[in-house]
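Engineer: Quick one: this structure, given as structure tokens, is what I'll be asking you about.
The values are calculated or read from the model by the stated rules, or taken from the named source; none is laboratory data. None of these values were measured; they are calculated from a predicted model. Cβ: placed from backbone, ideal geometry, glycine included. Neighbour counts: every protein chain shown.
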Amino acid sequence: MTTDITSMVVDYLVFIGFIVISFLIPLWGNFKTKKKETKANYVFATGSVSMGAMMLSIARGTLGVRSFLGYPSELYYRGSAMWETLYGMLLAYPIVCFVFVPVYYSLGITSVYQYLDMRFKSKLVRCLASFSYVVRSLLNLGVTVFTPCVALKAVIGLPYWASIIGITAISVVFTIIGGLKAAILSDVIQGLAMIGVSVIIIIQGTVNVGGPVNVFNVTQERGRLDFFNFDMDPHLRVTTTSATIGQLFMSLSIFGCQQNFVQRYCSMSSHRKVVKTMMANVPIITILFSLSWIVGMVIFANYANCDPLSLGYISKIDEIVPFYVEDKFSKVPGMLGLVMATLFNSALTLAVSNLNSLATVTFEDFLSHIPALSDMKDTQQLHAIKIIGVIYGLIIIGISFLVAMLSGVIESSMLMTSATSGPLLGVFLLAMLIPCANWKGAAAGMIFSHATTMWITYGHLKQGNVPEMLPLSTENCDNETFSSWVIRPISLEYYASNFTNWTTIQENITPSSVDVINESSNPLNVLYGITYMYYALIGSITTVGVGIIVSLITADAEADKYEEHLLHPTARKIAGLFPGKRRLYISNIHLGNKNDTDCSEMRADNSDRSIAIGAQTLRWMPCQLKIETNICSGEYDGIILVSGSTPGSNEPEPFKTVLYTAAQIDAALGVIGAVLPINLLAKRLIYSPTGPLNMDYHDVRSFAEAATKGIKRALKAGVKCPLLVLLPDDRFENVELVTLLGALEGLYVPLEVREIGPDRCYKACELGVWSPICSKKLQGIVKLASALESGRYVARDIGGADPERMTPLRVEEYLAELFCGSSITMQVISDQDTLLQEYPLFACVNRAASVIPRHAGRIIFLTYEPPACVLETILIVGKGVTYDTGGADIKCQGIMAGMSRDKCGVAACAGFMQVVNLLQPPTVKVVIALCVVRNSVGENSYVADEVITAKSGARVRVGNTDAEGRMAMADALYYLKEMALCSVNPHLFTIATLTGHAVLTAGLGYSIAMDNAVARLASNAEKLQASGEAVGDPFEISRIRREDFFAHQGRTEGDDILQALNQRSSKIPRGHQGPAAFLIKASGLDKHGNESEKPLKYCHLDIAGSAGDFPVQPTGSPILALTKMFLFDKIETKNP
């Protein structure tokens, strides 16, 4: 059947025009918007699709292109039995709504098969399920793409290869550009076009045969309408029983377990809306499904006495619809083009939707587990998903050519769907409804079920049972029966005469015996003869049965534990009615309950649900961290959302809708935030925005500040167990980490408060963390945040405690407890004679305090030796003046208050070593010297004009006893310098709250880095600055100049170095660079510059502006920057 090409110019124009319109309209929003595309928006359309569009899209996805082309031909040639699959399809909707959707709606996952991973804690089960879905989808896409190719070849002579490649290529391009939202909108366009064409065919055809009564009478009399056949013979191709049961299990597998449908559910704003949409879809599906069958009735009524297939006008039964349009609408220009375009685009949009889902599942369930791909950014993941879509497009082209070997669109589609649906549905039923099911049972059930159904399918196809057709007639055919536009066969009489005998045979076949299989005595043939309508049932039952048996045999109460909310509530209740030992679940702790135990007990109970780097971590953290996979969890009584976007724009659902609604009545929402009600079990949403971040000077610290503010607001609102939502932001690489650290900062309880009593230890005993990012990436972030916050916790304790709580002796005791049993070795030098001999400058500062044992200074060496070969050595000296009176040059006029913070250098160094202790870098050696001393006033105080010989041999004249920090560190720096000379790739640092001049120069919140010439050539300070910028620990860079060294030259023949001028640093030009020059000269580092035989890199960090002035709590700076610079790329944080 082909038509003269010259007579179809208008049809070609309509065909091309409709395809272009359907292609461009859904993508127009992508082209006109300037908003950056994200993976969440691409995959899920993030709540931006209307309920009406979603309903029509789900309906189109349910019926597919087969509804327009396949169902009419099925009724025409094989009768209405397959129409009754509608019963099973409609029964599936409420089951999906009340069994599947409540379990995994809003779990915050991009692949529905992540649920299986969560339930069974097995990558094998998840991969088997994902693989099942991929195989089924590829097979069905082959049918989808091939279906319109039959009609295109028949009507316009377009070769199969051209139409297959064309449909697939456009689908791939559409997938790359548009994503799910574009696919849904295109579904709407195609759905409306298909409905319109079907209605026109029905009206025209009904009028042509004399009304609807005649249509009904003709189809019924010729045996096309045969309903309610409850024959239980499983070998009949389709009966009411097999249609209902078979389609029910197929539909449950598709609606409840298939990625592209779950994507549509998750793109809606609430669970209630999903249920409402699904149930409202029932009448829509009924109408659309039946519409196609009515089209078949109308076409049969028109050709009841002159069948085009029998006469050779068409070669396949699926060509009957396009033939009818070509024949009956030949005088309507463009009608055939519209039908062809509808078929073409229907296949296109279904391919787009499925390609999107296939690519997402493949990336999330297979590729994202590869170490090299697990840390990809959001945009990189998006590109990877698009590339996978292209690869699948090529595979689909190959499958489409193989589909031509099967018998008809409906036959091919139903066989492939039924054969692959059972194992997938079975494993989800095991997960949701069978409490005893474990991963071994699930995997065994799926493998056994797949093997069984594939074996039966192979045997069925090998038998070669071709479905027979109902009687056809050509008795009233003549040369005027069909339109003159249709090109006839050579001789109508020839085809008619040759068809007579075959028609007579067909008429002797009764409908009830059409599909009966000739059974042999071989029992295998009986098995192979079972209709494919039962394959999904067989696959589901075998998966569940084998899964239960294997699970019971391999049961391990402890190993099989899972979170209770992953099971359907009804299944939990039913399981509770049975006698016997209660099933163990991973415990769900609700903080704030009157029956709660103390925090330490909670920590122990929750150990297998939380991220813990080691047992010690929990002792040195403001709370326990737990990765939460279920945003709907009832464990939390408040959700904290930190966002850098306009409220209601880029947040995932259900937050997006809540914020958008609130923003309509509160213009300040995006600046000051709010506590809002939300339809989740947590009930409260604490929205803490960063405010606009649209200027060049904005940085990632805004997220940390907003998170701290959000935590504090949540606590004031009465939240006892908060859940923090971490959202990615492509503008800042480490935004999730920085946000989490900001929240933890808000939960810190000062040491003195904790020591009041156990009830004052924690503001919250647990902080849940949920994020839409890759689960492995989130695990790495939480592990890293735990280590970093533990380090900052230590730094705040030491740096913020009062001068009696953290005397030098008590600093030693604190560190001894901290590193007891760890990989950190600790050496303490506190003997006054040893200090005087080996660390004379330090001993000078310590003289007045040394007479009081608790105030006596000490130098504490902390050393970390890596387990592998050392590739880098970090050596740091920290200033720890537990209280600075100024000494003999006493601080007066009230400026002594707050000087207990002068130990924040030591505090930061100890905190950094705690990070090293927890992260265990495999190739980095770290040595830290903590110079802990009190600059007291007394009869034994050191005074200006003293000349002291440093360990380096340089004679130092004291100029100002209030410049004690550089004196305390110089000798320890000398020793680390000597160590550096025989170390691998050494980096020397001093860290101190050294000068007020640094605060005046850089301002509060900023550290200053100063390199010597060797470090400057390696861009050491620039690297540290970039690292700090990335994690919200900013640095400014100063350069040590010749004037700084000149200022510290000796003034007389009896001294080599002047310690300081007798003025405050803030009154001296270059007041913060001078101390760095002094440290270089006093330690002997000036002999290891660029021109020396052994040059050494050295950087002085003045943290006076960033450490945190009283009464603000200490910040722990520069722990984050140092960790980012030296450890981030050397540790494994993906699998805590």
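Engineer: Look through S633, S649 and report the one residue that is at pLDDT below 90, more than 23 Å from E563 (Cα to Cα) and not in a helix (DSSP H, G or I).
Structural biologist: S649
Engineer: Of the residues I611, I589, which is at pLDDT below 80, among the aliphatic types (A, V, I, L, M), surrounded by fewer than 21 Cβ atoms within 10 Å (Cβ to Cβ) and touching a Ser or Thr at 6+ places or on another chain (Cβ under 7 Å)?
Structural biologist: I611
Engineer: Return yes when T923 is of a type outside the set (D, E) and closer than 30 Å to E705 by Cα and no when it is not. It would help to see each step written out before you state the result.
Structural biologist: Working: of a type outside the set (D, E): yes; closer than 30 Å to E705 by Cα: no.
No.
Here's the yes/no breakdown for (1) more than 21 Å from V984 (Cβ to Cβ); (2) aliphatic (A, V, I, L, M); (3) not assigned by TED's automatic domain parsing to the domain that holds K879:
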| site | (1), (2), (3) |
| --- | --- |
| A1021 | yes, yes, no |
| E1036 | yes, no, no |
| I1057 | yes, yes, no |
| R1064 | yes, no, no |
| K1067 | yes, no, no |
| P1095 | no, no, no |
| C1099 | no, no, no |
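Engineer: Now for a different question. Taking the conditions exactly as written (polar (S, T, N, Q) and not assigned by TED's automatic domain parsing to the domain that holds R957), does T863 satisfy them or not?
Structural biologist: no
Engineer: Tally the residues that are surrounded by fewer than 19 Cβ atoms within 10 Å (Cβ to Cβ) and modelled with pLDDT of 90 or more, restricting the search to the range 684-694. Working first, answer last.
Structural biologist: Taking the range 684-694 as the starting set, the residues that turn out to be surrounded by fewer than 19 Cβ atoms within 10 Å (Cβ to Cβ) are 691-694.
The next check asks that each one be modelled with pLDDT of 90 or more; those that pass are 691-693.
Of the residues in the range 684-694, 3 are surrounded by fewer than 19 Cβ atoms within 10 Å (Cβ to Cβ) and modelled with pLDDT of 90 or more.
Engineer: Can you work out which of the residues in the range 749-795 that are among the small types (G, A, S) and touching a strand residue (DSSP E or B) at 6+ places or on another chain (Cβ under 9 Å) is nearest to A372 (Cα to Cα)? Give the derivation first.
Structural biologist: We begin by selecting, within the range 749-795, every residue among the small types (G, A, S); these are 757, 764, 768, 771, 775, 780, 785-787, 790-791, 795.
Now drop any that are not touching a strand residue (DSSP E or B) at 6+ places or on another chain (Cβ under 9 Å), which leaves 764, 768, 771, 775, 785-786.
Numbers: A764: 36, G768: 28, S771: 21, S775: 15, A785: 21, S786: 23 Å.
Ranking the qualifying residues of the range 749-795, first place goes to S775.
Engineer: Which ranges mark the helices (runs of 4 or more DSSP H) fully within the range 729-810 that have 2 or more residues being hydroxyl-bearing (S, T, Y) and either surrounded by fewer than 22 Cβ atoms within 10 Å (Cβ to Cβ) or outside the structural domain of R713 (by TED's automatic domain parsing) (or both)?
Structural biologist: 775-800
Engineer: Here's another thing I want to ask about it. What is the one condition in (1) under 21 Å from I773 (Cβ atoms); (2) in a loop (DSSP other than H, G, I, E, B); (3) touching a residue at least 60 places away in the same chain (Cβ under 8 Å) that V719 does not satisfy?
Structural biologist: It is condition (1) that V719 fails.
Engineer: Out of everything in the range 1048-1090 that is loosely packed, with under 14 Cβ neighbours inside 10 Å and in contact with a helix residue (DSSP H, G or I) (Cβ under 9 Å, 6 or more places away or on another chain), what residue ends up being nearest to G887 (Cα to Cα)?
Structural biologist: K1067
Engineer: State all residues of the range 210-251 that are on the phi > 0 side of the Ramachandran plot and outside any loop (DSSP other than H, G, I, E, B); if no residue qualifies, say none.
Structural biologist: Of everything in the range 210-251, nothing turns out to be on the phi > 0 side of the Ramachandran plot and outside any loop (DSSP other than H, G, I, E, B).
Engineer: Filtering the range 625-647 down to residues that are among the β-branched types (V, I, T) and more than 15 Å from K683 (Cβ to Cβ), which residue is surrounded by the most Cβ atoms within 10 Å (Cβ to Cβ)?
Structural biologist: V642
Engineer: Test K1130 against the criterion of being surrounded by fewer than 24 Cβ atoms within 10 Å (Cβ to Cβ), in contact with a His (Cβ under 9 Å, 6 or more places away or on another chain), over 29 Å from G898 (Cα atoms) and not acidic (D, E), and give yes or no. Spell out how you get there, then give the answer.
Structural biologist: On the way: surrounded by fewer than 24 Cβ atoms within 10 Å (Cβ to Cβ): yes; in contact with a His (Cβ under 9 Å, 6 or more places away or on another chain): no; over 29 Å from G898 (Cα atoms): yes; not acidic (D, E): yes.
No; evaluated as a whole, the condition is false for this residue.
Engineer: Here is a follow-up. Could you check how many residues of the range 1062-1089 are part of a helix (DSSP H, G or I) and farther than 18 Å from R1042 by Cβ?
Structural biologist: Step one: of the range 1062-1089, the residues part of a helix (DSSP H, G or I) are 1065-1067, 1073-1083, 1085-1087.
Next, only the ones that are farther than 18 Å from R1042 by Cβ stay: 1065-1067, 1083.
Summing the residues that are part of a helix (DSSP H, G or I) and farther than 18 Å from R1042 by Cβ in the range 1062-1089 gives 4.
Engineer: If you check S1092, S1083, which single one turns out to be over 15 Å from A1002 (Cβ atoms), of a type outside the set (D, E, K, R) and at pLDDT 95 or above?
Structural biologist: Details: S1092 fails: at pLDDT 95 or above.
When all the criteria are applied, what remains is S1083.
Conditions (1) over 23 Å from P102 (Cβ atoms); (2) modelled with pLDDT under 85, marked per residue:
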site: T510; (1), (2): yes, yes
site: V516; (1), (2): yes, yes
site: Y528; (1), (2): yes, yes
site: V544; (1), (2): no, no
site: I548; (1), (2): no, no
site: A555; (1), (2): yes, no
site: Y562; (1), (2): no, yes
site: G580; (1), (2): yes, yes
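Engineer: Could you tell me whether any residue of the range 656-672 is touching a residue at least 12 places away in the same chain (Cβ under 8 Å), within 30 Å of P102 (Cα to Cα) and surrounded by 23 or more Cβ atoms within 10 Å (Cβ to Cβ)?
Structural biologist: Scanning the range 656-672, I find at least one residue that is touching a residue at least 12 places away in the same chain (Cβ under 8 Å), within 30 Å of P102 (Cα to Cα) and surrounded by 23 or more Cβ atoms within 10 Å (Cβ to Cβ), so the answer is yes.
Engineer: Take the residues in the range 991-1031 that are in a helix (DSSP H, G or I) and among the β-branched types (V, I, T), then tell me which one is nearest to L976 (Cα to Cα).
Structural biologist: That would be V1014.
Engineer: Could you tell me how many of the residues in the range 652-678 are among the β-branched types (V, I, T) and either part of a loop (DSSP other than H, G, I, E, B) or at positive phi (or both)?
Structural biologist: 2
Engineer: One residue is enough: does the range 134-148 have a residue meeting the conditions among the small types (G, A, S), closer than 30 Å to L402 by Cα and modelled with pLDDT under 75?
Structural biologist: The answer is no, given that none of the residues of the range 134-148 is among the small types (G, A, S), closer than 30 Å to L402 by Cα and modelled with pLDDT under 75.
Engineer: Let me ask something else about it. Could you grab me the full set of residues in the range 811-844 that are over 12 Å from G880 (Cα atoms), in contact with an Asp or Glu (Cβ under 6 Å, 6 or more places away or on another chain) and assigned to a helix (DSSP H, G or I)?
Structural biologist: L841
Engineer: Could you grab me the full set of residues in the range 890-912 that are hydrophobic (A, V, I, L, M, F, W, C) and part of a helix (DSSP H, G or I)?
Structural biologist: M899, C904, V906, A907, A908, C909, A910, F912, listed by residue number.
Engineer: Consider P840 carefully, then state whether it is farther than 11 Å from V932 by Cα, modelled with pLDDT under 95 and of a type outside the set (F, W, Y).
Structural biologist: Here the answer is no, as P840 does not meet what is asked.
Engineer: Does the range 981-997 hold any residues that are buried (at least 20 other Cβ atoms within 10 Å of the Cβ) and at pLDDT below 95, and which are they?
Structural biologist: T993, L994, T995, H997
Engineer: While we're on this one: Residues that are out of contact with any strand residue (DSSP E or B) (no Cβ under 8 Å at 6 or more places or on another chain), modelled with pLDDT under 75 and among the hydrophobic types (A, V, I, L, M, F, W, C): does the range 380-394 have at least one?
Structural biologist: yes
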